[in-house]
1. When residue 132 is evaluated against the numbered criteria (1) open to solvent by 60 Å² or more (accessible area, probe 1.4 Å); (2) farther than 24 Å from residue 26 by Cβ; (3) not aliphatic (A, V, I, L, M), which criterion, by number, is the only one it fails?
2. For region 12-40, what are the residues that are among the polar types (S, T, N, Q) and more than 14 Å from the chain's Cα centre (by Cα)?
3. Check region 79-88 and report whether any residue there is open to solvent by 30 Å² or more (accessible area, probe 1.4 Å), closer than 18 Å to residue 143 by Cβ and touching a residue at least 60 places away in the same chain (Cβ under 8 Å).
4. If residue 125 satisfies all but one of (1) within 11 Å of the ligand (Cβ to nearest atom); (2) within 14 Å of residue 17 (Cβ to Cβ), what's the number of the condition it fails?
5. Scan region 109-121 for residues that are open to solvent by 30 Å² or more (accessible area, probe 1.4 Å) and outside any strand (DSSP E or B) and jot them down.
6. Taking the condition of being farther than 23 Å from residue 111 by Cβ and either modelled with pLDDT of 95 or more or near the ligand (Cβ under 9 Å from one of its atoms) (or both), how many residues in region 1-25 meet it?
7. Checking residue 63 against (1) within 11 Å of the ligand (Cβ to nearest atom); (2) of a type outside the set (D, E, K, R); (3) over 21 Å from residue 26 (Cβ atoms); (4) touching a helix residue (DSSP H, G or I) at 6+ places or on another chain (Cβ under 6 Å), which test does it fail?
8. If you check every pair at least six apart or on different chains, which have Cβ atoms under 9 Å apart with a residue in region 49-71 that is within 11 Å of residue 34 (Cβ to Cβ) first and a residue that is of a type in the set (Asp, Glu) second?
Amino acid sequence: MKTAIVYYSKHHGNTKKLMDAISEGHDVTAIDASQVSKADLSGYDLVGFASGIYYSKFHKSVLQFAEQNLPENKDVFFLYTYGAEKKGYTKSIAEAVNKHHANILGEYGCLGYDTFGPFKLIGGIAKGHPDEGEIQQAVTFFNGLMQHKRK
Ligand SMILES: Cc1cc2nc3c(=O)[nH]c(=O)nc-3n(C[C@H](O)[C@H](O)[C@H](O)COP(=O)(O)O)c2cc1C
């Protein structure tokens, strides 16, 4: 089972912590959307999009990458971290993959340490996140996807 994860995790590497944990023991290729703008994803069974939330969306490099590189009808999933819980953070990435008729298998999102703007003055919010429990939940989520794909 070959998986590619296209990611952007620059603020504190929060999302990358989830990614690294789920990748262990699996055949996962990580593609940093801030470094790479083009890749052939046709040989992957599953494509993940992972990002910190920036202005209520996945980072624009990940959105652009999805629009430009995702082959038609792929199985995809989303992984993300945010400073404050709110609904709708995956709307933008869902719209991008839907342009390619992707099959969205699921998503996992959790808190991530955030020192953006004024939050820096108060030492940041969501300190200590993602924590061990959240990282483990991401692993459980991904293992579930793997099982679903093997059926
Ligand atoms: C420029 C910027 C904009 C952000 N916008 C939001 C936002 O709209 N909503 C939110 O909950 N968190 C927001 N955050 C916090 C990040 O989503 C959070 O810290 C995330 O865990 C960062 O992930 P990363 O370390 O993987 O890049 C923002 C952070 C930055 C730096």
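The values are calculated or read from the model by the stated rules, or taken from the named source; none is laboratory data. Everything numeric here is computed off the predicted structure, so don't read it as measured data. Neighbour counts run over all protein chains shown; Cβ positions are idealised from the backbone, glycine included. Only protein heavy atoms, including side chains, enter the accessible area calculation; ligands, DNA and RNA are left aside. Shrake-Rupley method; radii C 1.70, N 1.55, O 1.52, S 1.80 Å.
1. (2)
2. Matches in region 12-40: 35, 37.
3. No, region 79-88 contains no residue that is open to solvent by 30 Å² or more (accessible area, probe 1.4 Å), closer than 18 Å to residue 143 by Cβ and touching a residue at least 60 places away in the same chain (Cβ under 8 Å).
4. For residue 125, the exception is condition (2).
5. Those that are open to solvent by 30 Å² or more (accessible area, probe 1.4 Å) and outside any strand (DSSP E or B): 113, 116, 117, 118, 119, 120, 121.
6. 3
7. Result: residue 63 passes all but (1).
8. From residues that are within 11 Å of residue 34 (Cβ to Cβ), the pairs are 61/32.
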